[in-house]
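Novice: I have a structure I would like to understand better, so I am pasting it below and will then ask my questions one at a time.
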Amino acid sequence: MARKDLAASRALSRPQAILQGVVLTIGAIAFLFPFYYMLVGSLQATPDTSIAGAFPNPANLTLQNYGAINSRINLWSGLANSGIFTGGVLLCTVVFGVLAGYALSVLQWKGRGTTFALALLVQTIPFQLLMIPLYVLIARNYGLADNYLGMILPFAINSAAVLIFRQYFLQLPRELFDAARIDGAGEFTVLWRVALPLVRPALVTVVLLTFIGPWNEFLWPFLITKEASMQPLAVSLANYISTVAASTSNPFGAILAGAVVLAAPVVVLFIVFQRYFTSTDIGSSVKG
């Protein structure tokens, strides 16, 4: 009964609901318009950089800008390299993030607070400051130049992912872990069968946030390898946009087409997984 009263008190009146819908619609249009303009611009045979270019003549639409990209760089090879690079980073980030987050939130051990403080401190250090020492370490000391592992290692542990998992694990009732341990479950069993199923939103969040970084990263892979056959799509497109696009018949469309090719997988991934951005009722698993 109390929940129904609370829901009724939060219900919006008709004018408020209309105003809310108008404001949200305007915000959505303002947010989506740059992406729409990028897509439309990439399809124009003759560029129109004015506002009117957002509503082009259908006869001016073509796929030749994408054909120009594919004729200069191998899109499928770049996508495969990006998949290997990004997939390796995602796997390492999730595995190490879950283990470290669980250890920092659930397990009791000496130095846990200091380790958590160091994880927070890492957040303040830009990756660019570490790039030269990492390059010397990985390319010269480890001999991992022109190697996928050399691309993946610097991004294998993400302190932001560790913090996200830690905060989610802290929300889980302690009674769940105690009950599992009483039943004889070890820590890995508790983590796999009790904790992980309850933090699915954290997994999705970490995957999406982590995917964007390595997928769009072009400087570090470019340092590690100069072989075109191993370079991710972001590196190939960056080289294309900076050196080749200006010499094409439609530089404006070529640049936007490259941006669309790079952004499309991120948009698709978000659309597929956005429904999992929901709160988990973790307290419902505890009686009383």
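The values are calculated or read from the model by the stated rules, or taken from the named source; none is laboratory data. The structure presented is a predicted model; accordingly, all values stated were derived computationally and were not measured. Ideal geometry is used to build each Cβ from the backbone, glycine not excepted, and the neighbour counts take in all protein chains shown. Note: areas computed on protein heavy atoms with side chains; ligands, DNA, RNA excluded. Shrake-Rupley method; radii C 1.70, N 1.55, O 1.52, S 1.80 Å.
Novice: Looking at segment 194-203, which of its residues are open to solvent by 10 Å² or more (accessible area, probe 1.4 Å) and within 17 Å of ILE157 (Cα to Cα)?
Specialist: LEU203
Novice: Moving on. Consider ALA238 carefully, then state whether it is in a helix (DSSP H, G or I) and either over 23 Å from ASP146 (Cα atoms) or touching a residue at least 40 places away in the same chain (Cβ under 8 Å) (or both).
Specialist: no
Novice: Tell me, yes or no, whether segment 55-64 has at least one residue that is assigned to a helix (DSSP H, G or I), closer than 29 Å to THR243 by Cα and either basic (Lys, Arg) or open to solvent by less than 70 Å² (accessible area, probe 1.4 Å) (or both).
Specialist: Checked segment 55-64: at least one residue is assigned to a helix (DSSP H, G or I), closer than 29 Å to THR243 by Cα and either basic (Lys, Arg) or open to solvent by less than 70 Å² (accessible area, probe 1.4 Å) (or both).
Novice: I've got another one for you. Looking at segment 220-231, which of the residues that are open to solvent by 30 Å² or more (accessible area, probe 1.4 Å) and not in a helix (DSSP H, G or I) is nearest to TYR135 (Cα to Cα)?
Specialist: In this case the residue turns out to be LYS226.
Novice: A follow-up question, please. Scan segment 69-79 and tell me whether some residue there is closer than 24 Å to LEU208 by Cβ, under 30 Å from the mean Cα position of the chain (by Cα) and outside the structural domain of SER229 (by the TED database).
Specialist: no
Novice: With respect to LEU121, determine if the residue is more than 30 Å from LEU176 (Cβ to Cβ) and open to solvent by 60 Å² or more (accessible area, probe 1.4 Å).
Specialist: yes
Novice: Tell me the residue from VAL206, VAL244, VAL267 that is touching a residue at least 24 places away in the same chain (Cβ under 8 Å) and buried (at least 22 other Cβ atoms within 10 Å of the Cβ), please.
Specialist: Checking each option against the conditions leaves just VAL206.
Novice: Has segment 97-104 got any residue that is under 19 Å from THR189 (Cβ atoms), modelled with pLDDT of 90 or more and open to solvent by 60 Å² or more (accessible area, probe 1.4 Å)?
Specialist: Within segment 97-104 (the criterion being under 19 Å from THR189 (Cβ atoms), modelled with pLDDT of 90 or more and open to solvent by 60 Å² or more (accessible area, probe 1.4 Å)), the answer is yes, since at least one residue qualifies.
Novice: Here is a check on your reading of the model: is GLN128 open to solvent by 60 Å² or more (accessible area, probe 1.4 Å), out of contact with any strand residue (DSSP E or B) (no Cβ under 8 Å at 6 or more places or on another chain) and farther than 30 Å from PRO197 by Cβ? Give the derivation first.
Specialist: On the way: open to solvent by 60 Å² or more (accessible area, probe 1.4 Å): yes; out of contact with any strand residue (DSSP E or B) (no Cβ under 8 Å at 6 or more places or on another chain): yes; farther than 30 Å from PRO197 by Cβ: yes.
So GLN128 fits the description; yes.
Novice: Go through (1) modelled with pLDDT of 85 or more; (2) open to solvent by 40 Å² or more (accessible area, probe 1.4 Å) for ALA234 and report which single condition fails.
Specialist: With respect to (1) modelled with pLDDT of 85 or more; (2) open to solvent by 40 Å² or more (accessible area, probe 1.4 Å), ALA234 is out only on (2).
Novice: Okay, moving on. At pLDDT 85 or above, assigned to a helix (DSSP H, G or I) and farther than 22 Å from VAL94 by Cβ: is that true of VAL260 in this structure?
Specialist: Judged against the criteria, VAL260 is a match.
Novice: Would you call ILE212 open to solvent by 70 Å² or more (accessible area, probe 1.4 Å), in the same structural domain as LEU172 (by the TED database), in a helix (DSSP H, G or I) and modelled with pLDDT of 85 or more? I'd like the intermediate steps shown before the answer.
Specialist: Numbers: open to solvent by 70 Å² or more (accessible area, probe 1.4 Å): yes; in the same structural domain as LEU172 (by the TED database): yes; in a helix (DSSP H, G or I): yes; modelled with pLDDT of 85 or more: yes.
Yes, satisfied.
Novice: Within the set of pairs 6 or more residues apart or between chains, which connect a residue that is closer than 23 Å to VAL206 by Cα inside segment 165-189 to a residue that is basic (Lys, Arg) and part of a helix (DSSP H, G or I) with Cβ atoms less than 9 Å apart?
Specialist: Listed by first residue and then by second, the contacts come to GLU187/ARG181.
Novice: Checking ASP146 against (1) open to solvent by less than 20 Å² (accessible area, probe 1.4 Å); (2) on the phi > 0 side of the Ramachandran plot; (3) not aromatic (Phe, Trp, Tyr), only one condition comes out false. Which one?
Specialist: Only one criterion in (1) open to solvent by less than 20 Å² (accessible area, probe 1.4 Å); (2) on the phi > 0 side of the Ramachandran plot; (3) not aromatic (Phe, Trp, Tyr) is unmet by ASP146, namely (1).
Novice: Another one. Looking only at residues that are open to solvent by less than 70 Å² (accessible area, probe 1.4 Å) and not hydroxyl-bearing (Ser, Thr, Tyr) in segment 31-49, which one is nearest to VAL260 (Cα to Cα)?
Specialist: Checking each candidate, the answer is MET38.
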